[in-house]
Amino acid sequence: MFEPVRMVKVSVVGPKEYLEKTSSTLYRLNGLHIEDYKEEDEYFRIGEPLERASKFSKLLVSVRSILSYAGVKDGYEPEKVFSVSELDRELDVNIKELEEVINSKISRMKEIEERLRKISEERRSLLPLKALGIRPDLLTGYRNIEVFTGFVKANPLEKIVEVTKDFEIFTAEYGDEIVTAVFVKKEHAESVFRVLQDFSFREIPVPEIDVGYDERLEQLDSEESELEDELARLKDEINRYEQENLDLLLALEEHLSIELEKSELPLRAATSKYAFVVVGYIPEEMFEKFQKTLKSETGGKVVALKLNESEFNPPTALKNPAFAKPFELLTTSYAIPKYSEIDPTAVMSILFPIFFGFMLGDVGYGIVILALGLWLSTKFKTEGWQALLKVLNYSAISTIVFGLAYGEFFGFEIFGHESMFVKLLGDESGFAKIFAEMHPIANRLYEAPMLLVLTIAIGVFHMAMAYIFGIRNVAKQHGWKHAVEEKLNWLMALISIALIITGFIINNIAGKAVFSLNFAYLAAVPFIVLWAVLTVIGEGAMFLIEYLTLLSNTISYARLLAVGLASVGFAVAFNYMAFNMLWPSGPVGILVAIVVFAIGHFINILLGILDPGLQSLRLHYVEFFVKFFEGGGRLYTPFGRRRKYTKED
Amino acid sequence: MAVEGMVAVGAGLAVGLAGIGAGLGEQGIGAAAVGAMAEDPAFFGKGLLMTVIPETIVIFGLVVSFLLMFM
């Protein structure tokens, strides 16, 4: 639970002819985390991919391009699961046809789209020219005359006169711009063009057509509608084809990717002229089965051996019970534990919801968040979302439990003489009396100082656990001497802080001066001395200043109370506004009261998910993890995968 | 002004000023952390860790206000 899966380093060795067979077997076993072979030498080189690789990758590209049109939803469950032999047949017979049909359709669609773009471009230039009213054949094809047709922002007539008198200009208004055609002798063309540029001239390309504008526009319209019909039809056909063959296409995609991965295994292996070696890590518990299967499937030609090398750097496969699995998301987004480190997921899976509930603690909010979480988990099916929503649901349940302990329901009190049941049903109601006579375990508003002390105590235990984990990690990695000098000393410091705070509280309760001596202060002294000596030996005198960091870490747990108090404060304020100020003021007041109540609590619930979630995460990341968790591991990614759309024969 | 009133003002200032200070501190760190996360989403954990470091000061303010109000 606290440690990653135990791994062994293995090498798989065999003759080269068996590489393909071995690749299939390894893939199916789905257990070997392969270490890529990198250093080539005289005898061993990186292998060449199997011949079929290039064929598969080509097919894969076309299947994926077809699938990209389909848009498969997350969590799609196939109606039919294809077997591998079926797919191989399909590949031999139908893939060509499938490719041709689809590719010709897709390329025709691209053609049409291109033509449609051209048509709309031509129309964009025809319309303003039509407004100008000069026949298209008159706008081009002169030997000594240059024609400028285009948009200008004002009539350039007067400025052109300053350059030359030999010209003809036509203008017309088009939208909020001016279309112009300027006819000018070739020798003046350049200077006239410069004038036009001052009027932000934008040229309109004159299409080469031999019919009138209206006729041409009609031609374009009819061509466009024809093409659009064809495009819609093609899209429809592809869609229909995809709908009918979606399962097949998904199966093909999976099958081809698998085959491709298999045929690329040699790229990760060391191969000599006649033999190959694949090195990797495999969970210890799988090894025996792995060895046997490999032997039986290759007739003893390929063998798997345990390696006892000094270079042992296995990947991390987190191993946690089902309830803690979703919390791996939170652990790994901080860092992936090293193989030799403690995996804190299990601890977090218990304490994260408890911290969350401690902060939010309201039966009503808990129920709303739980309902929201359950509803969302039917909508978002991806693995990440499911994990996150499970975390939210656990937290919501914890919120309900703490809500009962605090006796809060949407900021109202459940128990005691102020109980909402008393207010709702009156003093006389038997039902209300039951609640009026009960007391919450702790009322947050009245017993804040007591809870403050409790939060600090929680912090001390939380961090003590972190240091114990730290001692174990360092002892395992660098030996006990380091563990004592780097981690145990800080555990001593933590105990001394806890004792000092206890002494402070004792003085406070007894009403003595803050620093008047008591047994707790005295008890802290040996721990401080021990801490100081160990720290100076192990880390150096500079690190004594870190005592203050630890102190602030300890006090940091006060946020467990603070965030909660803020949330209660909001809730009580909204309730007061709604029911004490607005409700008594008549029908309109009642309406407004309901709106204020709804909006207020909606905002508070949103904050209530975000803030306790983040603060709880922070307490784990900053106060807890930093003390023992280094991270930097590699995730275990075995060669192979779980099939979804296909099955082995 | 009554002593209790002054105590309440002091408690409010302790939390409020500490909050402003922490906010000013966090703005730069937060922006940088978001930037780093855009480059590499794996930075989330460390980014969050660094962003919330100045927050401790608010907790100090809070504890001070508690001591003022309740003790």
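The values are calculated or read from the model by the stated rules, or taken from the named source; none is laboratory data. All values reported here derive from a predicted model rather than from experimental measurement. Cβ coordinates were reconstructed from backbone atoms using ideal geometry, including for glycine residues, and neighbour counts include every protein chain displayed.
Overview of results
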| item | result |
| --- | --- |
| Residue, surrounded by the most Cβ atoms within 10 Å (Cβ to Cβ), within the range A:335-381, restricted to residues that are touching a strand residue (DSSP E or B) at 6+ places or on another chain (Cβ under 9 Å) and not in a helix (DSSP H, G or I) | A:362 |
| Hits in the range A:390-443 (condition: among the β-branched types (Val, Ile, Thr) and either within 25 Å of residue A:613 (Cα to Cα) or in contact (Cβ under 8 Å) with a residue 40 or more places away in the chain (or both)) | A:391, A:397, A:399, A:400, A:401, A:414, A:441 |
| Any hit, the range A:562-577, residues being in contact with an Asp or Glu (Cβ under 6 Å, 6 or more places away or on another chain) and either β-branched (Val, Ile, Thr) or outside any helix (DSSP H, G or I) (or both) | yes |
| Residue that is modelled with the highest pLDDT [pool: residues in the range A:292-334 that are closer than 26 Å to residue A:279 by Cα, in contact with a Gly (Cβ under 6 Å, 6 or more places away or on another chain) and buried (at least 18 other Cβ atoms within 10 Å of the Cβ)] | A:316 |
| Residue B:13, sole failed condition from (1) within 11 Å of chain A (Cβ to nearest Cβ); (2) more than 30 Å from residue A:335 (Cα to Cα) | (1) |
| Residues (crowded, with 17+ Cβ neighbours inside 10 Å and touching a residue at least 40 places away in the same chain (Cβ under 8 Å)) located in the range A:148-173 | A:148, A:149, A:150, A:151, A:152, A:156 |
| Residue in the range A:629-643 that is within 13 Å of chain B (Cβ to nearest Cβ), in a helix (DSSP H, G or I) and either within 30 Å of residue A:81 (Cα to Cα) or not β-branched (Val, Ile, Thr) (or both) present | no |
| Selected residue (only one of A:184, A:206 is touching a residue at least 60 places away in the same chain (Cβ under 8 Å) and of a type in the set (Val, Ile, Thr)) | A:206 |
| The range B:36-71, residues that are within 10 Å of chain A (Cβ to nearest Cβ), of a type in the set (D, E, K, R) and over 13 Å from the mean Cα position of the chain (by Cα) | B:46 |
| Qualifying position, being more than 14 Å from every other protein chain (Cβ to nearest Cβ), on the phi > 0 side of the Ramachandran plot and loosely packed, with under 14 Cβ neighbours inside 10 Å, among A:540, A:511 | A:540 |
| Hey, residue A:569 farther than 23 Å from residue A:492 by Cβ, without any contact (Cβ under 8 Å) to a residue 24 or more places away in the chain, within 14 Å of another protein chain (Cβ to nearest Cβ) and not charged (D, E, K, R) or not | yes |
| Candidate set: the range A:405-464, residues that are acidic (Asp, Glu) and away from chain B (no Cβ under 14 Å); chosen: the one nearest to the chain's Cα centre (by Cα) | A:408 |
| Candidates B:22, B:33, filtered to the one that is buried (at least 16 other Cβ atoms within 10 Å of the Cβ), over 13 Å from the mean Cα position of the chain (by Cα) and away from chain A (no Cβ under 11 Å) | B:33 |
| Residue match in the range A:62-71 (condition: of a type outside the set (A, V, I, L, M), surrounded by 13 or more Cβ atoms within 10 Å (Cβ to Cβ), more than 28 Å from the chain's Cα centre (by Cα) and modelled with pLDDT of 80 or more) | no |
| Test: residue in the range A:225-232 that is crowded, with 17+ Cβ neighbours inside 10 Å, touching an Asp or Glu at 6+ places or on another chain (Cβ under 8 Å) and more than 22 Å from residue A:58 (Cβ to Cβ) | yes |
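Results for (1) touching an Asp or Glu at 6+ places or on another chain (Cβ under 7 Å); (2) within 18 Å of residue A:88 (Cα to Cα), shown as yes or no for each residue.
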{"position": "A:38", "(1), (2)": "no, no"}
{"position": "A:41", "(1), (2)": "no, no"}
{"position": "A:46", "(1), (2)": "yes, no"}
{"position": "A:62", "(1), (2)": "yes, yes"}
